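Peer 1: This is the structure, below, for whatever I ask next.
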Amino acid sequence: MKKSSRLIAGLVGLAGLTFAAAAGAQEKPTSGGTLNMIAQPEPPTLMVGLNTQGPTLYVGGQIYQGLLSYGKDLSLQPSLAKAWEVSEDGLTYTFTLQEGVKWHDGKPFTVDDVIFTADKFLREAHPRWRYIVNTYVESITSPSPDKVVFKLKRPFSAFLYAFELSSFPVVPKHIYDGTDYRTNPANNTPIGTGPFKLKEWKRGSYIHLVKNEDYWKPGLPRIDELYFRIIPDAASRAVAFEKGTVDVLRGGDVEGFEVRRLSKLDGVQTTTDGWEMYSPLAFIEWNLRRPPFNNKLARKAIMHAIDRDFIVRNIWFGLGKTAVSPFASTTRFFTDDVVKYPFDMAKAKELLAQSGIKPQEHTIRVMPIPYGAQWDRTAEYVKQQLEQLGFKAELVSIDAGGWSKAVSDWDFDLTFNYTYQYGDPALGVARHYLSSNIIKGTPFANNEGYENPVVDELFLKAASAVDEAEAKAAYAEAQKIITDDMPLGLLFEQRNVTIWRDKVKELVRTGIGVNESMDETWIAQ
Amino acid sequence: MSFFRRYAQNIGALIGLAILAVVVFVALAAPILYPGSPWQGVAEPLLPPFEDPAYPLGTDLLGRDIAAGIAYGARVSLLIGIISTAVAVVIGVAIGALAGFYGGRVDDMLMRFTEFFQTIPAFAMAVVLVAIFSPNITSITLAIAVVSWPPVARLVRGEFLSLRSREFVQAAVVVGQTGPRIMATQILPNAISPIIVTASLMVATAILTESSLSFLGLGDRNMMSWGFMIGAARTMLREAWWLSVFPGLAILITVLAINLIGEGLNDAMNPHLRGRKG
């Protein structure tokens, strides 16, 4: 299915209209007002190009913008690029930029900024983009002042999914060129193209953004001021929402059981939409270099011994879905036709007996990921189930830095982790399974040490496929093999709930949810 | 009047002793009362208390029996309380005795050393120590001991200072007893009452410190402890009060009992208070 050049410029206005119609119904948007939110935890910086943690994207997403955005169905949407075109051989990608865009300091946004971002800034500062640009991109050029062209060395079917805010935030060349990006003082006074500008950041208290009067979309943004409050205690965050101090709770701002309670309040709306691009999928990360995890049957036995529905229902308060495949069910290429692991202790014990592993001879160090109480409970549950199978298990306490180091250095027996999918398996999933990605130094690579040449081959084939059906077939087979091997103990797809007061309209509009520029969001007066 | 008669005059002290006896019994009998691990889920999650007679105090998020957790938590609390106090008393008595008996430069050096520890807030130092030597039961016990010996050292030094000039000590010097022997056989037995009273109260403080450490997530993750139970459940106070209230009561009652006992011991052993009604 070779496609001739596809031009999708017409979508520009359409997408906005569709979402407006769906969310706002008959109401007419009004301008003005202040929106109060929470940044949890307080971000280390707002410079999205240097840090892509959740709170950085949430606040920084109002300041910086990507070249593209993505709908809730992961369809491509314009952002700083108004149109895009792919050549027939899948090797040339041409983006047409928006006109009249200005940086917050008044300088015009040009094609040079995009080239600088792609070729220099992100190549140096952004691990995911660095991998893509070094592996696939041959040249980045500009044939005319409003167009930028990426020429690839070989086809890469996921390329168009690498341009949202967290993967490709466009940064100003005139501020960063020739400087040390990480120590540039401008990181404290971020200059972007987004609908809001940084006014004040009172550390430990709030981040205050104000309307960008020169925003490139006429008549927008509608809201005057944004406050991101910093409230370190989980219970206090729930109270702040109840009292109306904040209007919006992002997924993870309050604990699962609070979500249930707050959702039932009057005048409160909720959705699990707006996470489609990320679709976090949680798994047990076990070290395949060490026994008993080097034994495939033992891994299968443990999978059958863990009641993942119980984990979702009781520990995560139903805010999730038991994982079926390494691909989240919300993403492209997901298939249900895989090896499945229903909870079955008898079968688990039988498989363990077949494996030849004597569980009482193994002491498994269970290391929770230090991201809060629900992860702790998950670790305690898994430990308990390992003990049911006859293993000895002990919990290890560790802080965030220690966890990151232990996983990066492959110094663990069993831990927990989750992956963002970034819209395409080649971007979010493959990194955990490719043998070429068995690298130290990051906790988000193939740290478990999985080597399967067939899986490598299938991922490679799918990523370079120009034809979508070909990619689909390769990915379907990869999912089958991975669920049979279980190099990572797939647990569940996380469902993050955004909660807001219903005076806030058109808050969650795209597949990146509240990280999307809130230019069309408005507050009923 | 004998010591026990005097102690028994204090009703509060008797109640304290009775409560502590129950706590000790529960701690010792935990493996018999609840044969499985307290970490094992056994029933429906979040079962409220007083509904199912098999789980009178209810269950937590993972269906773990709260009553079993409290029984096993008593073991951890008492173990850490007693051992850390024993270690602290040994260190404190040794340093205080040397300083008080020899005086002069030895006294100066040892007391400056003690003051160094006294100037650092005890709990903050315990947190730092446990964080450095990854949290497990040994490091927690030692950390509590390290932060709690200075008051014992000051107390013992004071007792030794006043006792060493008494006639019976001078007599021992005259008959040629060595310094260490005089300290161990002449002075220490006469200074033992205040040490016992202080130590009994230190056990209560140690239990509270361990609970606070566990509450902050710095407990031994493989041992069920009261502080851990509260720390894990505190955010759910409104939804499932029984998860934190019962372990909280356990801490309150145990610490109260030990304090009552300490008070009773003080009354019974302090000659100046003899005749005071409890």
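The values are calculated or read from the model by the stated rules, or taken from the named source; none is laboratory data. The structure presented is a predicted model; accordingly, all values stated were derived computationally and were not measured. Counting neighbours? That spans all protein chains shown, and the Cβs are built from the backbone with ideal geometry, glycine included.
Peer 1: Tell me, please, whether a residue that is touching a residue at least 60 places away in the same chain (Cβ under 8 Å), charged (D, E, K, R) and within 19 Å of A:Y58 (Cα to Cα) can be found in segment A:182-195.
Peer 2: Checked against the condition, which is being touching a residue at least 60 places away in the same chain (Cβ under 8 Å), charged (D, E, K, R) and within 19 Å of A:Y58 (Cα to Cα), segment A:182-195 yields no hits at all.
Peer 1: Residues B:A233, B:A250: which one is in contact (Cβ under 8 Å) with a residue 60 or more places away in the chain and within 14 Å of another protein chain (Cβ to nearest Cβ)?
Peer 2: Exactly one of B:A233, B:A250 is in contact (Cβ under 8 Å) with a residue 60 or more places away in the chain and within 14 Å of another protein chain (Cβ to nearest Cβ), namely B:A233.
Peer 1: When the residues of segment A:140-169 are narrowed to those that are among the hydroxyl-bearing types (S, T, Y) and assigned to a loop (DSSP other than H, G, I, E, B), which ends up nearest to A:G274 (Cα to Cα)?
Peer 2: A:S166
Peer 1: Return the residues of segment A:107-132 that are part of a helix (DSSP H, G or I), in contact with a helix residue (DSSP H, G or I) (Cβ under 6 Å, 6 or more places away or on another chain) and surrounded by fewer than 19 Cβ atoms within 10 Å (Cβ to Cβ); say none if nothing qualifies.
Peer 2: Across segment A:107-132, the qualifying residues are A:D112, A:R123, A:A125, A:R130.
Peer 1: Does B:L62 satisfy the criteria of being within 14 Å of chain A (Cβ to nearest Cβ), touching a residue at least 24 places away in the same chain (Cβ under 8 Å), in a loop (DSSP other than H, G, I, E, B) and not small (G, A, S)?
Peer 2: Answer is no for this residue.
Peer 1: State yes or no: is A:R261 farther than 23 Å from A:H208 by Cβ, modelled with pLDDT under 90 and surrounded by fewer than 23 Cβ atoms within 10 Å (Cβ to Cβ)?
Peer 2: Answer is yes for this residue.
Peer 1: Could you check, for segment B:72-82, whether at least one of its residues is away from chain A (no Cβ under 14 Å) and over 21 Å from B:D220 (Cβ atoms)?
Peer 2: No, because not a single residue in segment B:72-82 is away from chain A (no Cβ under 14 Å) and over 21 Å from B:D220 (Cβ atoms).
Peer 1: Out of the residues in segment A:432-475 that are part of a helix (DSSP H, G or I) and acidic (D, E), which is nearest to A:D411 (Cα to Cα)?
Peer 2: Looking at the filtered set, the residue picked out is A:D456.
Peer 1: Tell me whether segment B:170-185 contains one or more residues that are within 14 Å of chain A (Cβ to nearest Cβ) and either under 25 Å from B:F116 (Cβ atoms) or among the hydrophobic types (A, V, I, L, M, F, W, C) (or both).
Peer 2: no
Peer 1: Give the residues of segment B:27-59 that are touching a residue at least 24 places away in the same chain (Cβ under 8 Å), in a loop (DSSP other than H, G, I, E, B) and more than 22 Å from A:L386 (Cα to Cα), sorted by residue number.
Peer 2: B:L46, B:P48, B:P49, B:L57, B:G58
Peer 1: Give me a count of the residues in segment A:110-130 that are closer than 18 Å to A:N437 by Cβ and touching a residue at least 60 places away in the same chain (Cβ under 8 Å).
Peer 2: Selection size over segment A:110-130: 3.
Peer 1: Hey, another quick one. Kindly evaluate A:Y450 against the criterion of being modelled with pLDDT of 95 or more and of a type outside the set (V, I, T).
Peer 2: Against the criterion (modelled with pLDDT of 95 or more and of a type outside the set (V, I, T)), A:Y450 qualifies.
Peer 1: Could you check segment A:376-402 and list, in sequence order, the residues that are away from chain B (no Cβ under 11 Å), modelled with pLDDT of 85 or more and surrounded by fewer than 19 Cβ atoms within 10 Å (Cβ to Cβ)?
Peer 2: Matches in segment A:376-402: A:G390 only.
Peer 1: Considering only residues that are among the charged types (D, E, K, R) and either in a helix (DSSP H, G or I) or closer than 24 Å to A:K321 by Cβ (or both), which ones fall in segment A:339-386?
Peer 2: Across segment A:339-386, the qualifying residues are A:K340, A:D344, A:K347, A:K349, A:E350, A:E361, A:D376, A:R377, A:E380, A:K383.
Residue-by-condition table, conditions (1) among the β-branched types (V, I, T); (2) touching a residue at least 24 places away in the same chain (Cβ under 8 Å); (3) under 17 Å from B:A206 (Cβ atoms):
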position	(1), (2), (3)
B:I95	yes, yes, no
B:F101	no, yes, no
B:F116	no, no, no
B:A122	no, yes, yes
B:L129	no, no, yes
B:S139	no, no, yes
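Peer 1: I need the full set of residues from segment B:5-17 which are assigned to a helix (DSSP H, G or I) and in contact (Cβ under 8 Å) with a residue 60 or more places away in the chain, in order please.
Peer 2: B:R6, B:Y7, B:I11, B:G12, B:A13, B:L14, B:I15, B:G16, B:L17, listed by residue number.
Peer 1: For segment B:212-228, does any single residue satisfy the condition of being among the aliphatic types (A, V, I, L, M), within 14 Å of another protein chain (Cβ to nearest Cβ) and surrounded by fewer than 17 Cβ atoms within 10 Å (Cβ to Cβ)?
Peer 2: Yes, the conditions are met somewhere in segment B:212-228.
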